[in-house]
Every structure is written in C-alpha cells, then in structure tokens.
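Chemist: Encoded as structure tokens, here's the structure I'll be asking about.
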C-alpha cells in the first residue's frame, strides 16, 4: 500500500474526498504533529462527520487556528458543533483573535441560544451536576467540570459563582474556576472561599493569569536561571510543585510569596539566603506546610480512586 504524502492528502482535501483526506492526514499527523497537519486533519474529520474526533485533534493545538480568519472560523465551527461554548468564548478573548472577536462572539451566542432550545434537557442535567460538583468523587468532579464547558455562558457563570464559595470543594478546583473567569474576560464581582477559610470579594476584571503575577514570574525566572541549568530533573519537580502552589494561592500569590527566591530554594531543599529574615522564613515554612496538606489530600483522593478502579 502506497504511503500518503502531503500532496496526495491535500489533493483529496481539495477534491472534497473527506474519507480519504481524513485517513491520509491521520497517517501523516501520527508521524509529525505540525500545526498545518493538525488543521487539515481536524477539518477533514469534521467534513467526514467525525465531529468528536475533529474536536479532539483540534484541541491538541488551538494556537494553530489563530493564523487567519479562515482557520479561526473553522476552529469555532468544530467547537460549536461539539457544544464547546466556554472554550469558544475563551478562544475569542485571546489577543490574537482581536480582529475576529466580535463576529466570533455573535456566532457563539447564536449557537448557545439554539442549543438551549434543542438540548434543554441535556443542559439541565449538565448544569445540575455542575452545581453539585462537590458531591462527587474527584475524578467525577473533573468530568463534570469538562462537561460544564458545554453550558451557555449564563448557566456556567451561575454555577461558578456558587462553587467559588463552596468550602467543601477542593481549593484547587475553586482556583481553576476562578482562572476560567479570567480567561473568559468577564467583568463580575464574585465571592471566593480561600485557603484562609475567609470569603474574599474578587473583581474578575482585575485578575491576571496564574503565572503572570510578579511573584510567579520572579520564582519561575529564578528557578530557570539558578537550578534548571545545573539540575534539570530537580527543576522539573520544583516547577511542577510550584505551579500547583500558585494555583492554590490564586489570586493572592503576590501577597503570600514575598520572597520568591527563598520560596524556590525551600522547595528545592537548598539553604535560604542569609538576608532572608527569621520572620520571612517562618512565613514560608508555615505556608509550605499548609499547601503540602492540601496537595497531599488531593493526591490521596486520586490514589484512593485509582485503587478502587484497579
């Protein structure tokens, strides 16, 4: 059997032979996951009525669709056919999508209205499960959160507001939902049950990304400059833990990590700089203990569920 080439796959694509095009682009994409192949494969799958597969492939490289209005509109088409309304809105809010944002949001709003009529029963089930996220085991919580992306914006925001003050929801999930509001660029005032067991008022228009704060940027830069060069394995482990900690501390990491370099040194098991005060050392130690407790509870829940399913 002759191996497909880009030229033969493209010829099938241009001739609207979608079954052939999707099969050939699948073979090519398995060998080399380039942005171009991702685009052609996703659209071929969509045109071949393999809608879920098209979404799964496109989601592997969403940035590949920000190169032109044609590809951007294809990405929206694929997402909206799969009722991925929240993702579609987040895509439109990216700076690279500025020129296409208005028409994109208009398309999403229309698709949401259609789905609310045609899929009302399904959406009600998804919304109910989303609003009661904390009642489910962790793995099911993650699945419910993914399904909630199929809700129209209004229903998604209604559930998110409720969950942000749910003290029984793991703080990592509350932080994930809060960052979602940042990516949606909504202008709201919400209440957040945070790590200090206090409810804080947060203006979503003032939010930034989890790793965009001053403390996060300083810590990540120090990690790269001082540790990654000599010990990449250690740096990878520290980065993984640091990213989880930044999520847990969101959106108040700058107020807690006042000594970013010492924070990273602590995580790496390195001696702290002598200029770090005893008070700051104690603050770091106390917060590390608190964050470790939250992460251990999370990992324990994951391990318990894995054991039950094995």
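Here, each number is a calculation from the coordinates, and none is a lab measurement. This one's a predicted model, so the numbers in the text were calculated from it and none came from an experiment. So basically every Cβ, Gly included, is an ideal-geometry build from the backbone, and we count neighbours across all protein chains shown.
Chemist: For segment 112-185, what is the Kirkwood estimate of the hydrodynamic radius, computed as the reciprocal of the mean inverse distance between distinct Cα atoms, to one decimal in Å? Please list the in-between numbers first.
Modeler: Numbers: mean 1/r = 0.0803 Å⁻¹.
About 12.5 Å for segment 112-185.
Chemist: If each residue's Cβ is checked for other Cβ atoms within 10 Å, how do 51, 162, 40 rank with the fewest at the top?
Modeler: 51, 162, 40
Chemist: Using Cβ counts within 10 Å as a stand-in for footprinting exposure, how do 6, 168, 85 rank, fewest first?
Modeler: With the fewest neighbours first, 6, 168, 85 line up as 168, 6, 85.
Chemist: May I pose another question? For the chain, what relative contact order do you get, as a whole percent, if you take Cα pairs closer than 8 Å and at least 6 residues apart?
Modeler: For the chain, the relative contact order is 10 percent.
Chemist: What list of whole percents do you get for P(r) of segment 6-118, with Cα-Cα distances grouped in 10 Å bins up to the one holding the largest distance?
Modeler: Pair shares across the bins are 15, 45, 30, 10, 0.
Chemist: Right, next: Take the Cα radius of gyration of segment 1-72 and divide it by 2.2 N^0.38 Å, with N its residue count; two decimals is plenty.
Modeler: So segment 1-72 has a normalised radius of gyration of 1.01.
Chemist: Let me ask you something else. Can you list the equivalent-ellipsoid semi-axes of segment 140-267, largest first and in whole Å, using the square root of 5 times each Cα gyration tensor eigenvalue?
Modeler: Three semi-axes, in Å: 29, 16, 13.
Chemist: As a check on your grasp of the helix formula, calculate [θ] at 222 nm for the chain: sum -39500 (n - 2.57) over DSSP H runs of n ≥ 4, divide by the residue count, round to the nearest 500.
Modeler: About -21000 deg cm²/dmol.
Chemist: Given axes a ≥ b ≥ c from the Cα gyration tensor, I'd like to know whether segment 214-304 is rounded (a/c under 1.5), prolate (a/b larger than b/c) or oblate.
Modeler: Cα axes put segment 214-304 in the oblate bin.
Chemist: Find, to one decimal place in angstroms, the Kirkwood hydrodynamic radius of segment 97-152, where the mean of 1/r is taken over every pair of different Cα atoms and then inverted.
Modeler: Hydrodynamic radius (Kirkwood, Cα pairs) of segment 97-152 is 12.6 Å.
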